[in-house]
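Below you'll find the structure, written out as structure tokens, and then a few comments.
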Amino acid sequence: MARSTAFRIAAAGMALLMLASCAGSDSPVTINQNLSRVDEDGNRRDTIWDLFDNNDDPNVTVEVNKYIWAAALDVLSFLPVESADPFTGVIVMGYGTPPGGGRAYRATVFVKDPALDARSLTLALQSRSGAVSSATVRAVEDAILTRARQLRVQDSRL
């Protein structure tokens with residue numbers, strides 16, 4: 001029993017020594033008001049805790065699900081794309097007639113979350129005569145989500 005206690009103490013001591021050696025610099029480090037580590041020259045130092053910060057620039061990162069985005073463009077390919085912004089997740093499509101149909105539709109797709117989930121997709125459909133029934137909107141949403149899942153499965157086979 002004394003042997004296992006001595007081993008635990010030695011292992012804990014080694015872990016503390018390894019952790020202390022991670023500092024890697026002889027210069028003193030202070031913590032500024034933003035709780036980031038800064039050396040004496042004012043340069044920011046990276047720490048292990050930086051992994052948990054969300055410092056991504058919202059102007060550069062894309063927060064939409066790529067499968068829903070591609071599926072929406074695929075399912076609604078009969079509609080001309082007027083504008084698409086992957087940073088906000090909005091696709092605006094002009095009027096077009098589906099194959100085999102006689103009614104023209106236009107759509108606005110909003111992919112608002114990076115998750116492959118029904119809550120990530122909002123679809124607005126309109127015809128030239130006005131609003132479209134909620135059953136039609138739901139059927140198109142289901143087609144987009146089904147296609148997104150198919151794309152996800154195809155991508156995982158790579």
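Structural remarks
Every residue, every condition in (1) over 18 Å from THR146 (Cβ atoms); (2) over 24 Å from the mean Cα position of the chain (by Cα), yes or no:
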{"site": "ALA72", "(1), (2)": "no, no"}
{"site": "PHE78", "(1), (2)": "no, yes"}
{"site": "VAL90", "(1), (2)": "yes, no"}
{"site": "MET93", "(1), (2)": "yes, no"}
{"site": "GLY100", "(1), (2)": "yes, yes"}
{"site": "ARG103", "(1), (2)": "yes, yes"}
{"site": "VAL111", "(1), (2)": "no, no"}
{"site": "ARG119", "(1), (2)": "no, no"}
{"site": "ALA131", "(1), (2)": "yes, yes"}
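- THR108 being under 23 Å from GLU82 (Cα atoms) and among the hydroxyl-bearing types (Ser, Thr, Tyr): yes
- Count of segment 119-158 residues which are among the aliphatic types (A, V, I, L, M), under 22 Å from ARG106 (Cβ atoms) and either in contact with a helix residue (DSSP H, G or I) (Cβ under 8 Å, 6 or more places away or on another chain) or surrounded by 14 or more Cβ atoms within 10 Å (Cβ to Cβ) (or both): 11
- Within segment 144-158, no residue that is on the phi > 0 side of the Ramachandran plot sits with its Cβ atom under 8 Å from a residue that is of a type outside the set (S, T, N, Q) and buried (at least 16 other Cβ atoms within 10 Å of the Cβ) at 6+ positions apart or across chains.
Read-outs: derived from the displayed coordinates by stated rules, not from any lab. All of these numbers come straight from a predicted model, not from anything done at the bench. Please note: Cβ atoms are built from the backbone with ideal geometry, for glycine as well, and neighbour counts cover all protein chains shown.
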